[in-house]
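Each reported figure results from applying straightforward, stated rules to the coordinates on display, with no laboratory input. These figures come from a predicted structure and were not determined experimentally. We place every Cβ from the backbone using ideal geometry, glycine too, and count neighbours over all the protein chains shown.
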């Protein structure tokens with residue numbers, strides 16, 4: 001067998017294989033024309049922020065909270081290195097939710113200060129803007145790892161069952177499902193349909209260079225670190241304190257140390273200069289009819 005599970009034993013390289021590999025890549029979505037906020041206007045408000053809500057997320061569990069448009073939210077490490085799996089929704093319409101695939105395509109595999117988190121089709125607009133990241137110094141390490149990825153989906157009981165045959169009920173997918181059901185009054189089955197691919201807060205991840213496999217390693221997060229964002233629309237947040245703890249060895253079990261996480265919502269003294277909530281995407285949705 002060749003790379004990972006891929007069977008390359010029957011492949012025959014053409015004579016120009018190296019020339020084909022040598023073709024230079026191009027960026028799929030050049031973002032020079034992408035409307036971006038003036039980050040300085042957001043950050044100018046940070047010294048005057050007033051905390052108006054605090055939510056503590058228990059280990060191997062999840063919680064929800066609201067962030068009104070024009071407010072700031074911090075996701076905080078408080079006791080020990082801990083990864084969080086974040087879902088974001090339009091607080092008035094659960095059909096509009098974080099779209100990590102397009103967020104990744106427009107920002108990169110990992111996000112930090114200045115990046116925006118985009119919602120799904122047909123809305124496709126910024127839901128939140130990242131305004132401060134105490135782990136912004138980390139960058140990409142020698143293994144290709146970085147923090148705050150939008151590439152992993154979330155640990156879930158279905159993959160766990162597929163790989164091990166077990167029934168573990170505190171994967172992030174299940175935690176998010178329970179918390180969303182409790183917050184909205186939906187049944188577990190209804191709530192589960194809204195749970196989506198996550199922003200892996202504080203998680204250190206990448207792809208192996210030889211097989212292209214998704215990897216994780218010990219998060220560099222420490223107590224006092226936080227990721228902060230500005231709500232571009234009214235948001236319902238839902239985050240799980242991952243059962244993998246700092247994700248240095250495994251997840252989907254009760255075998256590793258896990259810690260609580262804290263969510264803090266802040267009101268600014270005023271709105272950012274020139275700020276307006278982004279409208280839903282302007283595409284006319286005729287699809288060529």
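Observations
- Counting every other Cβ atom within 10 Å of each residue's Cβ, 129, 208 order from fewest to most as 208, 129.
- Residue among 97, 36, 209 with the largest mean-square fluctuation in a Gaussian network model of the chain, springs linking Cα atoms under 10 Å: 209
- Largest first, the extents of the alpha carbon coordinates of the stretch 1-105 on the three principal axes equal 65, 39, 31 Å.
- Among 162, 130, 271, residue whose mean-square fluctuation peaks in a GNM of the chain (springs only between Cα atoms under 10 Å): 162
- Residue-averaged [θ]222 nm for the chain, counting only DSSP H segments that reach four residues, each worth -39500 (n - 2.57): -4000 deg cm²/dmol
- The stretch 36-87-the stretch 97-150 distance, computed between alpha-carbon centres (Å): 15
- Exposure proxy order (Cβ contacts within 10 Å, fewest to most) of 149, 53, 254: 254, 53, 149
- For the chain, relative contact order (Cα pairs under 8 Å, six or more residues apart, normalised by length) works out to 34 percent.
- The shape of the stretch 53-267 can be summarised by an equivalent ellipsoid whose semi-axes, obtained from the alpha carbon gyration tensor, come to 23, 21, 17 Å from longest to shortest.
- For the stretch 151-215, the percent of C-alpha pairs falling in each 10 Å distance bin, counted from 0 to the bin holding the largest distance, reads 20, 40, 31, 8, 1.
- Over the stretch 42-130, relative contact order from alpha-carbon pairs under 8 Å, at least 6 apart, %: 16
- Our Cα-only numbers for the stretch 11-62 put the radius of gyration and Dmax at 24.6, 65 Å.
- Fewest-first ranking of 227, 186, using other Cβ atoms within 10 Å as the exposure measure: 186, 227
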